[in-house]
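Just so you know, all these numbers are worked out from the coordinates, no wet-lab data involved. If you're wondering where the values come from, they're calculated on a predicted model, not measured in any experiment. Ideal geometry is used to build each Cβ from the backbone, glycine not excepted, and the neighbour counts take in all protein chains shown.
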Amino acid sequence: MKTRITELFGIEHPIIQGGMHYVGFAEMAAAVSNAGGLGIITGLTQGTPENLAKEIARCREMTSKPFGVNLTFLPSVKPPDYPGFVEAIIKGGVKIVETAGNNPQKYLPALKEHGIKVIHKCTSVRHSLKAESIGCDAVSVDGFECGGHPGEDDVPNFILLPRAAEELKIPFVASGGMADARSLVAALAMGAEGMNMGTRFIATKEAPVHEAVKQAIVAASELDTRLIMRPLRNTERVLNNAAVERLLAKEKELGASIKFEDIFAEVAGVYPRIMKNGEMEAGAWSCGMVVGLIHDIPSCKELIDRIMTEADEIIQTRLARFAAA
């Protein structure tokens, strides 16, 4: 399947594995890239530019296919060494970067100078247009269904994707609620050039996370996610657990006076405990409503092959039948 996204990134299938904290290691990225999609190493998970450089080198040993690095720009009292991370990406010969969070404009000249393609994750049409105007090559349009941060507009993909298609000139992929062939075909029908999957890729054999995390995703339904940090205007969609219930109780009790410090125990530094140790009640972790569509733990190749085969079947058989009628 050729789309503007497969052409832009030099990949076989229009499927991207988005950057995910404590999931986007070399094993994950290489497995997706080897299966014909675009694997992504999560930059900030590596901690330092030196560790990112090592992770890029490790991924190079596992795949000869294109892969990317995610850089999320977060507001912080003591920000990460972003110039160092950018340098590690450039020196590592990576040609694709997924940016997220704050405006990446400051770092685009250095990336562009080295022929690096940038896809920016956006939760609204206005942010997507801004990404286009500053020179991003593509956009990942993230609907309200997504795991992680869905923004504050609460617009689901059935509205957001066609709106993006009306406004954007650069290609975009659908993100949030993407799990299977139906997701891909629907995304293409609404104007996207492919899809970005996060939660679905955590429930794969190669995902370097604890088995308990994978089983929790398979066991969950579409009703099992919660939105936290809404009063702080830093909304995050997470899988419900005891820590999330405690956090929501604090939000209800403290109302508009709540501060980040009040929920520190439920959100700070919990990812290694959950993703590596399988402590499923340790805190809040990003997870999309798409868990309701995830019923197995295939290899990345099995998953991507299945999506592409079934997508072809939907387009050539089911949809073609309606056209013929």
Gap separating the Cα centres of the range 54-82 and the range 132-174, nearest whole Å: 22 Å
For the ranges 100-108, 6-14, 76-84, 20-28, what's the packing order if you count other beta-carbon atoms within 10 Å of each residue, average per peptide, and put the highest first? 20-28, 6-14, 100-108, 76-84
Which whole number of Å³ per residue matches the convex hull of the alpha-carbon atoms in the chain? 130 Å³
Length-normalised contact order of the chain in % [C-alpha pairs under 8 Å, at least 6 apart]: 17 percent
Amide H to amide H, which residues 5 or more places from N70 or on other chains are under 5 Å from it, using H placed in the peptide plane? I41, T42, G43, E98
How large are Rg and Dmax for the range 274-325 when calculated on the C-alpha trace, in angstrom? 17.5, 54
Pairs to check: K117/K169; K214/K301; K91/K169. Give those whose C-alpha atoms are more than 26 Å from each other in this structure. K91/K169
About the Cα centre, and with charges only on the beta carbon of Lys, Arg (+1) and Asp, Glu (-1), how big is the dipole of the chain? Nearest 20 debye, please. 500 debye
In angstroms, what radius of gyration and Dmax does the range 26-169 have, counting Cα atoms only? 15.3, 42
Compactness summary of the range 132-188: radius of gyration and Dmax from Cα atoms, Å, are 11.3, 33
Spin-label model distance (nm) - F260 vs E61, 7 Å beyond Cα toward Cβ: 3.6 nm
Using alpha carbon centroids, what distance separates the range 187-240 and the range 261-314, in Å? 5 Å
Approximate spin-label separation D154-A212, in nm, with each point projected 7 Å along Cα-to-Cβ: 3.3 nm
For the range 179-224, state which trypsin sites (Lys or Arg not before Pro) are in a DSSP loop and have at most 16 other beta carbons lying within 10 Å of their beta carbon. K205
Which order do peptides 249-258, 165-174 fall in by mean Cβ count within 10 Å, highest first? 165-174, 249-258
Once fully extended, how much extra length lies between K2 and E222, figured as 0.36 nm per residue of separation less the alpha-carbon to alpha-carbon distance? 76.1 nm
So which GluC sites (Glu not before Pro) in the range 83-131 pass both tests, a DSSP loop state and at most 11 other Cβ atoms within 10 Å of the Cβ? none
Using a ≥ b ≥ c from the Cα gyration tensor of the range 165-219 (square roots of the eigenvalues), is it rounded, prolate or oblate, where a/c under 1.5 gives rounded and otherwise the larger of a/b and b/c decides, a/b for prolate? prolate
